[in-house]
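The values are calculated or read from the model by the stated rules, or taken from the named source; none is laboratory data. This is a predicted model, so every value here is computed, not measured. Cβ placement follows ideal geometry from the backbone for every residue including glycine, while neighbour counts extend to all protein chains displayed.
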């Protein structure tokens, strides 16, 4: 906190040309313990482990590397770290389990390219068409994209 007693706050106003006005008050986040879990926190019933790779082969390799690194780590901590510190690449898998054994079995399935209970795989980005967007009220942009459409 700024003075040690109260959180810092700031007001921000934005006045748009088209008449849209936006106002927000930002406040400093409360101080949290270093760990996301406390001794009082109950263990979650089900834990997701989120994986991503630039290709299917990279996803499988990521799962295989993770298998060797999770032996002594709490499953919830592994899930938290995977969800908050990893890049979300196109090829993705989620392993969901209620026990370490279930999570490791699902992770093994991803590494080996086989299906298993609690495992979902997919591709986040499918090739598509490009869209051109012209912001504004509209009347000043009339006909602007006709050449692009052709």
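Looking across the stretch 49-91, just one residue is modelled with pLDDT under 95, touching a helix residue (DSSP H, G or I) at 6+ places or on another chain (Cβ under 7 Å) and surrounded by fewer than 17 Cβ atoms within 10 Å (Cβ to Cβ), and that is 67. Evaluated against (1) part of a helix (DSSP H, G or I); (2) free of Cβ contacts under 8 Å to residues at least 40 places away in the same chain, residue 130 falls short on exactly one condition, (1). Within the stretch 88-118, being touching a strand residue (DSSP E or B) at 6+ places or on another chain (Cβ under 6 Å) and in a strand (DSSP E or B) holds for 91, 92, 93, 94, 95, 96.
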